[in-house]
1. Could you pull out every one of the helices (runs of 4 or more DSSP H) wholly within the range 4-91 that has 2 or more residues that are of a type in the set (S, T, Y)?
2. With respect to P218, determine if the residue is over 20 Å from L305 (Cα atoms) and at pLDDT 75 or above.
3. Give me a count of the residues in the range 18-52 that are within 22 Å of the chain's Cα centre (by Cα), hydroxyl-bearing (S, T, Y) and surrounded by fewer than 21 Cβ atoms within 10 Å (Cβ to Cβ).
4. Out of curiosity, is Y45 free of Cβ contacts under 8 Å to residues at least 60 places away in the same chain, aromatic (F, W, Y) and out of contact with any Cys (no Cβ under 9 Å at 6 or more places or on another chain)?
5. Going by the conditions given, is G350 buried (at least 18 other Cβ atoms within 10 Å of the Cβ) and under 21 Å from M52 (Cβ atoms)?
6. Count, please, the residues in the range 62-91 that happen to be within 21 Å of V51 (Cβ to Cβ) and not hydrophobic (A, V, I, L, M, F, W, C).
7. Taking helices (runs of 4 or more DSSP H) that do not extend beyond the range 96-185, which have at least 3 residues that are closer than 17 Å to A323 by Cα and assigned by TED's automatic domain parsing to the domain that holds L35?
8. Only residues that are under 21 Å from A232 (Cβ atoms), hydroxyl-bearing (S, T, Y) and touching a residue at least 24 places away in the same chain (Cβ under 8 Å): list them for the range 274-326, please.
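The values are calculated or read from the model by the stated rules, or taken from the named source; none is laboratory data. Because the structure is predicted, anything quoted here is derived from the model rather than measured. Note that each Cβ is placed from the backbone with ideal geometry, even for glycine, and that neighbours are counted across all protein chains shown.
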Amino acid sequence: MPSYAAVLRIPHARRTFTTALVGRLSYGTLPLALLLTVTRTTGSYAVAGTVMALFGATSVFLSPARAALVDRYGPRRALLPMASLYAVLLGTLAAAAWRPGASGALLGAIAVAAGACTPPLGPTMRTVWIELALDRALLRRAYSLDGVAEELLFVSGPLVVGGVVRFAAPAAALAMGAVLVAAGTVGFVTSPAVARMTGGGPAPKERGGPRVVAGIVPPVVAAAGVGLSLGALDLLVLAFAEQRGHGDSTVAWIFAALSAGSAVGGLLYGAVEWRSGARVRLALLTAGLGLTLVAAGLASGLATLTGAVVCAGLFVAPALTTAYLVADDTAPPGARTQAGAWVNTAVNAGSSAGAATAGLLVAHVSPGLGFACAGGTALLAGAAVSVGRRRAPAVAPAEGVVEGVRSDPR
């Protein structure tokens, strides 16, 4: 089995991965930066929530379309215009909200435009890993490392924003995000590993189209189940803690425990040489997340709840890593970025829906029952993937994959 160090020893891997992470850090800083900026300038949480929802909707649901542009025209021709527009719009949003009294309608319009231009750096980096890591075991290590790094970015992003707002207006954190995404994208697309990817034109209709549709369903279903469960988990943990008289600082530690569990699970997952197929693992990992969340509903206190949340985290990064692997396996070379973006969209859309559903649940049921419902969602997703795997006809591997080892497509 290759090591994680072997992943970073691949030619051009360290430069490409590092610059992609710089750009993706912008996405980790944005939620808190946007929330604080709009709240401070308008004085309204309702307006801030609306602006964030508008940004999130356009960013998430247009992600596959933006990824399709990357597949068709290549990362350099597609990502540079997107990142430039995105950075300019974030800077415009920061300037408009720098002083109190900005119009909520104006901020919402800029946020919608920015969300529509969000460059898909994560899905594109996973496509680049396919080009760099030709061995299947090495690719799984690369995907695990990528998933863990992304998890850490979303943990460290709010901490970076917290440091900025101690010395400057919250809008400065938005401007910082614009700089990060611009600098990271320029460094990423000028890497030799990315520069040679010129795009493959539209995916073939007859050979690629049906396979993409059929093959993408299991990972999208699993990712949506994971997203729904995690979106509900945040509010359920908060309700559980408040019911027992604990403050926000305690809840923050539980959220950190979830991220820590996910990071550990992702590293362990990539280190094991699995003999079962990726779809089998996808069903089991998604169901495992569901079972641990159901068990969390039986927790008697915060200590046991934290332990259950850590166990749940162990399944998160492996489940999403496997979903990306399955999506990649079934997608033709001309649609791999788009396939990964559909998985990413399912996670984010599921998370938003889970948060909204949990908001209704906690008003009418106990947190314990809410945990059971969240876990049941993941269990159903795992069962659906398992049933779909047994019923699906055998499908040949995507072009460039032969007996578990990728042939060089160049």
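1. Numbers: elements: 4-8, 13-42, 45-61, 63-73.
Correct list: 13-42, 45-61, 63-73.
2. Details: over 20 Å from L305 (Cα atoms): yes; at pLDDT 75 or above: yes.
The answer is yes for P218.
3. Residues in the range 18-52 being within 22 Å of the chain's Cα centre (by Cα), hydroxyl-bearing (S, T, Y) and surrounded by fewer than 21 Cβ atoms within 10 Å (Cβ to Cβ): 3 in total.
4. Values: free of Cβ contacts under 8 Å to residues at least 60 places away in the same chain: yes; aromatic (F, W, Y): yes; out of contact with any Cys (no Cβ under 9 Å at 6 or more places or on another chain): yes.
Criteria met by Y45.
5. yes
6. 4
7. Working: elements: 104-116, 121-132, 136-165.
Counting at least 3 such residues, we get 121-132, 136-165.
8. T286, T292, T306
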